[in-house]
There are 6 protein chains.
Amino acid sequence: MEIRRKGNRRYDEIREIKITKNFLKYAKGSCLIEIGETKVICAVNYEDKVPQWLKDTGNGWITAEYSLIPSSTIERIPRSSISSGRTHEIQRMIGRSLRGVVDLKRIGERTFWVDCDVIQADGGTRIAGVIGGFVALVECLNKLKISGLIKVPVLKDYIGAISVGLVHGNILLDLDYSEDSLASIDLNVVMTGGGEYIEIQGTAEGYPFTKKQLEELLNLAEKGIKKVIEIEKEILKDEIMFLLGN
Amino acid sequence: MEIRRKGNRRYDEIREIKITKNFLKYAKGSCLIEIGETKVICAVNYEDKVPQWLKDTGNGWITAEYSLIPSSTIERIPRSSISSGRTHEIQRMIGRSLRGVVDLKRIGERTFWVDCDVIQADGGTRIAGVIGGFVALVECLNKLKISGLIKVPVLKDYIGAISVGLVHGNILLDLDYSEDSLASIDLNVVMTGGGEYIEIQGTAEGYPFTKKQLEELLNLAEKGIKKVIEIEKEILKDEIMFLLGN
Amino acid sequence: MEIRRKGNRRYDEIREIKITKNFLKYAKGSCLIEIGETKVICAVNYEDKVPQWLKDTGNGWITAEYSLIPSSTIERIPRSSISSGRTHEIQRMIGRSLRGVVDLKRIGERTFWVDCDVIQADGGTRIAGVIGGFVALVECLNKLKISGLIKVPVLKDYIGAISVGLVHGNILLDLDYSEDSLASIDLNVVMTGGGEYIEIQGTAEGYPFTKKQLEELLNLAEKGIKKVIEIEKEILKDEIMFLLGN
Amino acid sequence: MEIRRKGNRRYDEIREIKITKNFLKYAKGSCLIEIGETKVICAVNYEDKVPQWLKDTGNGWITAEYSLIPSSTIERIPRSSISSGRTHEIQRMIGRSLRGVVDLKRIGERTFWVDCDVIQADGGTRIAGVIGGFVALVECLNKLKISGLIKVPVLKDYIGAISVGLVHGNILLDLDYSEDSLASIDLNVVMTGGGEYIEIQGTAEGYPFTKKQLEELLNLAEKGIKKVIEIEKEILKDEIMFLLGN
Amino acid sequence: MEIRRKGNRRYDEIREIKITKNFLKYAKGSCLIEIGETKVICAVNYEDKVPQWLKDTGNGWITAEYSLIPSSTIERIPRSSISSGRTHEIQRMIGRSLRGVVDLKRIGERTFWVDCDVIQADGGTRIAGVIGGFVALVECLNKLKISGLIKVPVLKDYIGAISVGLVHGNILLDLDYSEDSLASIDLNVVMTGGGEYIEIQGTAEGYPFTKKQLEELLNLAEKGIKKVIEIEKEILKDEIMFLLGN
Amino acid sequence: MEIRRKGNRRYDEIREIKITKNFLKYAKGSCLIEIGETKVICAVNYEDKVPQWLKDTGNGWITAEYSLIPSSTIERIPRSSISSGRTHEIQRMIGRSLRGVVDLKRIGERTFWVDCDVIQADGGTRIAGVIGGFVALVECLNKLKISGLIKVPVLKDYIGAISVGLVHGNILLDLDYSEDSLASIDLNVVMTGGGEYIEIQGTAEGYPFTKKQLEELLNLAEKGIKKVIEIEKEILKDEIMFLLGN
């Protein structure tokens, strides 16, 4: 069965990504990221201390928090249910991913808080969190560089993320909510600009997947991530050069 | 001492109010309200049941919830501190205000949830919650009317709100955050389109205020609320007529 | 429709107020305040430290907590429901009011805890909290003065509070629970001995109120507060003189 | 070393017990019990349902809750610390004790809530909870009898309670707080009017006790409990006869 | 009515006790204790600090925590219900008991955490907690002695515990779950090796007990505890000598 | 740098797996699974109702809970910290995996609770949860089959799981805690008996990994999982045949 995607998207096409940098007045770095109808506010702030177990090591830390506003989803979520297991899983994934491209030894004994607040959830919110979180983090690190608080390159690479899935036997890139609901596999992939993996999270819902399908899905994800990173390069070109050591 | 306001606002001038209706994809009614740099997403959803103490009375209920995203304020608020006493006080005030202009006997045995999620807090967020909450509620009620679920007018009047305060002896309309920090009095007023009071909340921080000052502040508030209601009238003209019984 | 009040109270008459000073053995200041059948234990304790944001400013802080025992109300309140939004709203109001007549710069880097525990709730508990909290605070401050820990006057004025309301079109002073249940407006007013406002909280339940009604209600409240302050003067005459700088 | 007790109490003398029946306006049964300077408000309410595991058995249930107001103790207890392990231990003990003298099969499918709120804690609060809880429960059951909801005797016996302890080698009856702090053994005993045990809770703090000491302590407790039950008999003589089947 | 016990146990016979010392890899002291089908993992760890109120006194502290895994009981317990009043009561009892035989002045400013995690609950879990907690504590203290951190004897005596009860009028030693469910009295006794009491907790469920019954139960408990201590002596003979000062 | 593994394990060798079936007295299915020094108790219970969103669909549900006892880890975990983001992530992974091989339409409107309680954590606890959870689930389902409550095959396949990682550039199968601490990649893989994927979770800690490394790791995981499934086949041979439809 062939899949007809909204807006006539091809199976290997990502939704339009729109990033509004410098979205918030107070955060040290921030953006609004829109992937199709998914909208997430990403904001980065830092404080000059680190968790107990990092004290006096000279290393910094990056941690992410993820939340939804109650009216972001099809059925309103009561505030008491927002912080669920799913929330914890997602915010841990975003934090790990961002730490994967930052040289924690070089950012000073600081903790960076990456807040991902979902305004509208139409699939791919964790992906939006990684990408938007990266953009906001770069903005924040760049400010630290400008004010002389960071004096050496601290980024190892770009980071990109995308979801792929299998719907009625078809592989699809960048699933929206309606596709995600039907998917028998949901695979989230995070890669560096250099094409290496940072995180792979794949789950079969009901139907296990073969090695061949995994291979196809990984290839499709790579294609999508390349596109994502092109967008990041365009949008961050003024802030990121020094941070990458270029 | 005279007060120089940002953007050369006069003492009796409100900030620009921008309301984006139909802001969210899933909520039954929603808007983004911007009052100067304050930004609040207001969303209304309902369910076909009422709190225990209203069961089988035929009456409906309206309740509001208010929250901030962590990066909405000058200093990031940890998520664990967001739900504070202040939060409870504000959401109770928004809920009471909206109930004040709705005929609860006519909206059916339904609970309406009004979610006010603050994206950026630059003073007047509770005011934004009342105005934006009203706009989103009208949008939602209008949909119920269109689908035939509401057959009679259910609104008693428009509702407007504004803050006034005393800064270095000057009365000021619609305080932003920097003014609010300096204010010795902070008075929030909610009125109907007909010029009657729904809610008055005034607090002296350190310096009590005289009857004369109260009178001046109330007059100034009335002036601001009239302006607010004009804006609402313009923006809601297509949806609100039937609901008001006009 | 005329209102027949319990005990043949006139519309502008407050209930009998009975204050038992020095009610508790351990608290630094305490009283039992009875307003009609409303009974609240108010207790003040202090510690020699202040909240983080006041550290090293030389200023002190006053904070109030309000709670009910489960059997204080018509329907028993489960302990898990006692700390509600209403509770937060009330304790914030009591704290703000008391801070309004104390010179925080002169009380030393101390935090004063004002505990208002409601034993019986027959309307006006927050009013009782302000009045009883003031009496207990004066008792505590006086002990500090006697032991030489406070050497200058620290009080700016007396503080009084009362509720007024509109029941079936009649303005009423000091509503008891049965009147409060019927009131279309409930207005709580806090004033200084000098006749200036510290706090005004007015809410229309269902029927908005006019400017004229507001004026009448404020006048009635002022009358009640004068009476309250007379009672305080009588009861505190031995302890308060030095603290007020008289 | 001989112990000099406050008010020249003999080692085998209980403090004065003062019980104000019908202390609260709303509770179905209530009293203020004062044992020396210990003051506890006991209140009983009921609802016409039982815990899940008793449904449709025809049996009723009695459960107790115990709490302190923050200013009841020498050092103010923060509200967040009030519900501790100690609290749970005490309220379970009070509930079990009261169930021990009530015929749960005869009180109908009702849950009785016994609230013990400590106003002032000077030793023996759990003892006060048992005695005051019993008085309030009798008052409540008597009202049920009067209104015809209870038609048969439901009480098996009186219940009395007291603490005994060992201070510097001396056995003491009914310890106040200062004695309790010094006690190497603290034994709480609950007995029926007929002289049988309902509950024994004895703990050595640092120094274990011998069989002989246990025997002496139990005898002393019995003496105290007899006195307690005399007081109850006097105070309950009008309400309790029918309930006991006399 | 005579009681037929599982495995033909006599009324005065304890179940088989099996203790696997050094059960866990990481804890400083640990054992698995099996009393019949009851299985509890006891583990002791310590840290070099004490609760606030013991700071700079030179004294140490011992505290116990008790929990069940959800599948340890007949009906699975939801995780959210595990930490109940009963849990608090039990862990306080275990902590007090162990403190009763340790010289807190001699263990240094350390807090010892005794974790009792119930794997299978077939009656007597608190008893198992005391015995197993003692074995694990001795193991831990012995390691401290070996590494020179404890240089003097710190134990005052052995500690033993057992439950006794009255089932259909028969006194029984060491009740299993099925017997406990039927018992009209449940008495837990903790004694030292020297035959003195540390803790007595007796509760009548529905039927009060006489002095004579109490005496019989206490004698039976003593018999059981002697047996328990023999088992401890055998199992701890290599580690405990120095700690006891022998 | 070559890795010297404990017990001279080869890089592609799993630790010894020991499964004690029927480990608990009360659970409907249970086992103790030991993978090297990692020990997890897995227990399955069910109830005859499903979550709200599955009601009246005829489908059943499987959900997992994962917890550690405080003394299971190198540093004791305070009970208040046990339920963390990591816990949620793991229990969601176990639940999803087990649902992947069960035909939820055929198990009736029942919820199966799979409790994984970690007694000792030496790496691979989530893997142990999947394997042990599967064994306990089969035991439980087999009992349902025996009692006639399940009449058709409900299992789609075996399920196996293993972790692989990269330590100092070497790929390693089945990491223990000390290896896991050094690993730059940690990949958990869940597969069916038929060699298809159910779940892949791979995370780079600091160093991203190449496609080639991913391929090698996936092959190594497959090898390990085959071994795991052989062990399951041996252990479950009597119970699983009917459930698989063989």
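Below are the figures for this structure:
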{"quantity": "Copies compared at C:Gly195 - label distances in nm, ascending, label defined 7 Å from Cα in the Cβ direction", "calculated": "2.8, 7.5, 8.6, 8.6, 9.6"}
{"quantity": "Karplus (6.51, -1.76, 1.60) ³J(HN,Hα), θ = phi - 60°, over the range F:133-140, in Hz, Gly and Pro reported as x", "calculated": "x, 5, 4, 5, 5, 4, 4, 5"}
{"quantity": "Aspartates and glutamates whose Cα lies under 13 Å from that of E:Lys39, excluding same-chain neighbours fewer than 8 positions away", "calculated": "E:Glu16, E:Asp117, E:Asp122, E:Asp176"}
{"quantity": "Cut-off under 5 Å, modelled amide H: who pairs with D:Ala64 long-range", "calculated": "D:Gly95, D:Val114"}
{"quantity": "Distant-in-sequence amide H partners of E:Thr38 (H built 1.01 Å from N, under 5 Å)", "calculated": "E:Asp122"}
{"quantity": "Peptide-level mean, for D:63-69, of C-beta atoms on other protein chains within 10 Å", "calculated": "3"}
{"quantity": "Using a 7 Å Cα-to-Cβ projection, B:Ser181 label spacings across copies, nm, ascending", "calculated": "4.6, 4.6, 4.6, 4.8, 6.6"}
{"quantity": "Centroid-to-centroid separation of the range F:104-148 and the range C:64-112 [C-alpha atoms, Å]", "calculated": "50"}
{"quantity": "For B:Gly58, label point 7 Å along C-beta direction: distances to other copies, nm", "calculated": "4.3, 4.3, 6.7, 7.8, 8.0"}
{"quantity": "Relative contact order, percent, the range D:6-244 [alpha-carbon distance under 8 Å, six or more residues apart]", "calculated": "21"}
{"quantity": "Inter-chain shielding of A:70-81 (mean C-beta neighbours from other protein chains, 10 Å cut-off)", "calculated": "5"}
{"quantity": "Set D:Lys21/D:Lys227; D:Lys49/D:Lys105; F:Lys156/F:Lys227; F:Lys105/F:Lys145; F:Lys6/F:Lys212 screened for pairs whose C-alpha atoms are more than 22 Å apart", "calculated": "F:Lys6/F:Lys212"}
{"quantity": "For chain F, average projected area of the Cα convex hull in nm²", "calculated": "13.9"}
{"quantity": "Simple label model, 7 Å out from Cα along Cβ direction - C:Glu234 to D:Lys6, nm", "calculated": "3.2"}
{"quantity": "Between 0 and 90°, nearest 10: helix A:211-236 axis offset from chain A longest Cα axis", "calculated": "40"}
{"quantity": "Inter-chain shielding of B:115-123 (mean C-beta neighbours from other protein chains, 10 Å cut-off)", "calculated": "4"}
{"quantity": "Mean Cβ neighbour count within 10 Å, used as a protection proxy, ranking A:113-122, C:192-201 highest first", "calculated": "A:113-122, C:192-201"}
{"quantity": "Chain A residue with Cβ closest to the axis mapping A onto C, distance in whole Å", "calculated": "A:Ser80, 8"}
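Since every read-out is calculated from the coordinates, none of them should be taken as a lab result. In this text, all values refer to a predicted model and were calculated from it rather than measured experimentally. So basically every Cβ, Gly included, is an ideal-geometry build from the backbone, and we count neighbours across all protein chains shown.
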